[in-house]
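Before any comments, here is the structure.
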Amino acid sequence: MSINVKHTTKVFDGQAALNDVSLKVPSGQVLGLLGPNGAGKSTLMRLISGYLPATSGYVEVCGFDVDSEPIETKKRIGYLPEHNPLPEEMFIREYLSFVGGMYKVNNVAKRVEEVMSLVALEPEASKKISQLSKGYRQRVGLAAAIIHEPEVLILDEPTSGLDPNQLVEVRALIKNIGRERTVLLSTHVMQEVEAMCDRVVLIKNGEVVADEATDIFTSRYGGLEAAFKDLTS
């Protein structure tokens, strides 16, 4: 199992952001994590990525304990947070080479060109990050997340700022990655989930309230949007 979350709780200042959450995600699956603002989606992603420790419970990535084996888990995770932090003074290739170097990627210069092609960054290749539009910054973040070919890819609002043409390209890329790896993504756009995800998990008030194949949600009257309103309102 690529992601294994067991009875995990995260408490901030006496308030539970996640309450006894359990979740298993196998390799070769794209899972959509849905819920209203403040439901605990980003907290769960941060626990899986090792950015935050759990208050109680157990989180495992590719057979490694996130808390006790952080280096091993981080080697296997690519993470694109909702607010994509990028060094604006760096050029695109310079930044991606730096990230690839941190992960000790073999032939990093070649891999940089590969990921730039995958996320269609070539038109802006000679620019500094500060010169990029929001959509192209998002592509840089995605390229950095996949440069080391992680077994698990965690994406928080990955299509934010993309135009319709870019959406088609990024959707296809995520679906392609999900054929062989695990992808966990969060978004508020139901159409994105329907287009990219094999499975949907709904979270409300830090608890899982539904976990089904995407087809099951979309086959019901009103589809995924109706299920979201019914289960999380």
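The values are calculated or read from the model by the stated rules, or taken from the named source; none is laboratory data. The structure displayed is predicted, hence computed values, not measured ones. All Cβ positions, even for glycine, are placed from backbone atoms using ideal geometry, and neighbour counts span all protein chains on display.
Residue-by-condition table, conditions (1) surrounded by 15 or more Cβ atoms within 10 Å (Cβ to Cβ); (2) over 24 Å from E207 (Cα atoms):
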{"position": "H7", "(1), (2)": "no, no"}
{"position": "V21", "(1), (2)": "yes, no"}
{"position": "A39", "(1), (2)": "yes, no"}
{"position": "N84", "(1), (2)": "yes, yes"}
Practice prompt. Output the number of the condition that S56 fails; it satisfies all remaining conditions of (1) of a type in the set (S, T, N, Q); (2) touching a residue at least 60 places away in the same chain (Cβ under 8 Å); (3) more than 28 Å from M190 (Cα to Cα).
Written response: (2)
Response to the item:
Taking region 166-209 and keeping only residues that are surrounded by fewer than 22 Cβ atoms within 10 Å (Cβ to Cβ), of a type in the set (S, T, N, Q) and assigned by TED's automatic domain parsing to the domain that holds E225, one is left with T187, Q191, N205
Worksheet item: Could you list, in sequence order, the residues of region 47-79 that are closer than 18 Å to I147 by Cβ, among the hydroxyl-bearing types (S, T, Y) and under 14 Å from the mean Cα position of the chain (by Cα)?
Response: S49, Y79
Worksheet entry | Close pairs from region 85-110: first more than 21 Å from K74 (Cβ to Cβ), partner of a type in the set (S, T, N, Q), Cβ under 9 Å, at least 6 apart | E88/S130; E88/Q131; E89/S130; M90/S130; F91/S126; I92/S126; R93/S126; A109/S97
Item to complete: Working only within region 96-110, note down all residues that are buried (at least 16 other Cβ atoms within 10 Å of the Cβ), over 26 Å from T187 (Cα atoms), out of contact with any His (no Cβ under 8 Å at 6 or more places or on another chain) and not small (G, A, S).
Response: V108
Discussion item. Condition first: more than 15 Å from the chain's Cα centre (by Cα), closer than 15 Å to G35 by Cβ and in a strand (DSSP E or B). Now tell me which residues in region 193-221 satisfy that.
Written reply: L202, I203, K204, E207, V208, V209, A210, D211, E212
Worksheet item: Got at least one residue in region 56-71 being at negative phi, in contact with a Lys or Arg (Cβ under 7 Å, 6 or more places away or on another chain) and either at pLDDT 95 or above or exposed (fewer than 14 other Cβ atoms within 10 Å of the Cβ) (or both)?
Response: yes
Item to complete: Would you mind stating whether G28 is surrounded by fewer than 20 Cβ atoms within 10 Å (Cβ to Cβ), free of Cβ contacts under 8 Å to residues at least 60 places away in the same chain and not assigned by TED's automatic domain parsing to the domain that holds I129?
Response: no
Worksheet item: How do the helices (runs of 4 or more DSSP H) wholly within region 76-185 filter down when requiring 3 or more residues that are polar (S, T, N, Q): which remain?
Response: 164-177
